[in-house]
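Chemist: Next up is a structure, given as C-alpha cells.
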Amino acid sequence: HQTSRLRAIAIGLLIGGALGNAIDRPIYGGVADFFSAHAFGFYWYIFNIADVAIVAGVVALLYDSFIASRKDAAKIS
C-alpha cells in the first residue's frame, strides 16, 4: 500500500501539533487555545498554531480518504 503525499503531510501536521502542545504544557504550565487581539477598534482571534496544525491535519486526512475511496470505486466499475 502506497502512502500519498497528502496523507504524509497530514500525519506530519498532526504529530507536529501534538508535540507543540505537549511541549507548551510543561514549559508554560498550560496551552492557550486562542487569544483575542485588538487594535484601532478591530478585534480578531489568533489561534494556537499547534491547534491549527492538528485541525488542518484532520481535514487533510478526511479529504485524502474520500478522494482515495472515490478513485478505488471508479477502478472497480
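Chemist: Below 15 angstrom from the Cβ of residue 48, what's the summed charge of the other residues (Lys, Arg +1; Asp, Glu -1)?
Modeler: Taking every Cβ under 15 Å from that of residue 48, the sum is -2.
Chemist: Further question on the same structure: Show me, for the range 52-61, the HN-Hα J-couplings you get by feeding each phi into the Karplus relation (A = 6.51, B = -1.76, C = 1.60, θ = phi - 60°), rounded to Hz, glycine and proline as x.
Modeler: Working through the residues one at a time gives 5, 5, 5, 5, 5, x, 5, 4, 5, 5 Hz.
Chemist: What are the ³J(HN,Hα) values, in whole Hz, obtained from phi via the Karplus relation 6.51 cos²θ - 1.76 cosθ + 1.60 with θ = phi - 60°, for each residue of the range 8-20 in sequence order, with x given for Gly and Pro?
Modeler: Working through the residues one at a time gives 5, 5, 4, 5, x, 5, 4, 5, x, x, 5, 5, x Hz.
None of the figures in this text is laboratory data; all of them are computed from the coordinates on show. Source: prediction; values computed, not measured. Glycine gets a Cβ as well: all are built from the backbone with ideal geometry, and neighbour counts include every protein chain shown.
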